[in-house]
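So the structure is just underneath, and the comments pick up after that.
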Amino acid sequence: MAAAMLTASSLDLSVDDAIVLHDSNKLTLRLLPCDVVARVAPVAHQVAQLEIELAQRLAKSQSPVAALDPRVEPRVYERDGFVVTLWTYYEPAAHREVSPADYVNALRRLHAGMRKLDVPAPHFTDRVEQAQQLVASRNHTPALAEADRELLGNTLRRLRRVIGERGGAEQLLHGEPHPGNVLTTKNGLLFIDLETCCRGPVEFDLAHAPEEVSKHYPDVSHDLLGECRILVLAMIATWRWDRGDQLPNGRQLGIEWLSQIRAALDRNGLDTHG
């Protein structure tokens, strides 16, 4: 928080206070009274430069993404072992319900903008591999029971292979376009947190969105979407068992998601031991 406030002050922005908007792997603050959003991460664990580049290029194509703050140079600022990026603050639209149609429209526009970009980005399977490494490391996931470790490991390995073998069309994706990464503003829906950008099938992105959204997205392979939903569940459940996870109620969520994985595997008749 101090790094963000000092960075903004050094850029002649007026900063007397900071409100925490979100705190997990990255700290997101609203700085006042200048009303700027600061995103802060340790230098060793960030991809802030990629996020800035994507936001700038997507904004040029009128894609629905949050913009960088126009009052300062759009770059990554480093201070006291942290990187800080400064973004526009959007006042939430009061009492506005997000309809599946609005969500689909915004996500389709985002995907269309991303298809025009040629930027280096990891494949979604790289993120699956990171989850597999966590599951395999008892040092990093010491509280994970052996039966649950086997379930997650088998699910990640099997679905990574099955989805990869489908060989469908792939493109640049948001990576995690869940409701927590969507702002409801007077200018419509805007996506934030582009650090998870990766390449893969659009069904991987849709697996993060509510089911009603994916039902309205055209030309979707529902078999692939079902596999991606279970894969994503296994990935986010794995993060919750990382001993360094800072998500509020993360461990309780991890337990709930393990149950959902078992139910989904049974419902879909999937054998993860193959």
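The values are calculated or read from the model by the stated rules, or taken from the named source; none is laboratory data. In this text, all values refer to a predicted model and were calculated from it rather than measured experimentally. Note that each Cβ is placed from the backbone with ideal geometry, even for glycine, and that neighbours are counted across all protein chains shown. For accessibility, only protein heavy atoms count, side chains too; no ligands or nucleic acids. Shrake-Rupley method; radii C 1.70, N 1.55, O 1.52, S 1.80 Å.
See the values below:
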| item | result |
| --- | --- |
| Relative contact order of the range 44-167, defined on C-alpha pairs under 8 angstrom at six or more residues apart (%) | 18 percent |
| Sparse-neighbourhood loop sites, trypsin sites (Lys or Arg not before Pro) in the range 167-274 - DSSP loop, at most 12 other Cβ within 10 angstrom | 186, 243 |
| Dipole in debye (nearest 20) - the range 123-191, about Cα centre, beta carbon charges: Lys, Arg +1; Asp, Glu -1 | 60 debye |
| The range 21-79: trypsin sites (Lys or Arg not before Pro) in DSSP loop, at most 16 other beta carbons within 10 Å | 71, 75 |
| For the range 182-237, size of Cβ-based charge dipole, Lys and Arg +1, Asp and Glu -1, in debye | 180 debye |
| Lys/Arg +1, Asp/Glu -1 at C-beta; the range 5-162 dipole; positive extreme among 13, 106, 29 | 106 |
| Expected 222 nm ellipticity per residue - DSSP helices of 4 or more, -39500 (n - 2.57), all of the chain, to 500 | -14000 deg cm²/dmol |
| Mean separation of Cα contacts under 8 Å (6+ apart) over length of the chain, as relative contact order % | 18 percent |
| Residue-normalised accessible area of the chain, given per residue in Å² at a 1.4 Å probe | 49 Å² |
| Point-charge dipole on Cβ atoms (K/R +1, D/E -1) for the range 64-148, about Cα centre, debye to 20 | 340 debye |
| Mean projected area (nm²) of the alpha-carbon convex hull when the range 93-225 is viewed from all directions | 9.7 nm² |
| Net charge of neighbours whose Cβ lies under 9 Å from the Cβ of residue 140, counting Lys and Arg as +1 and Asp and Glu as -1 | +1 |
| Farthest positive-ward along the chain dipole, Cα basis, beta-carbon charges - from 224, 173, 155 | 224 |
| Between the range 188-261 and the range 43-103, the alpha-carbon center distance in angstrom | 21 Å |
| Semi-axis lengths (Å, descending) of the ellipsoid that matches the C-alpha gyration tensor of the chain | 32, 23, 17 |
| Relative contact order (percent, whole number), the range 1-52, Cα cutoff 8 Å, 6+ residue spacing | 27 percent |
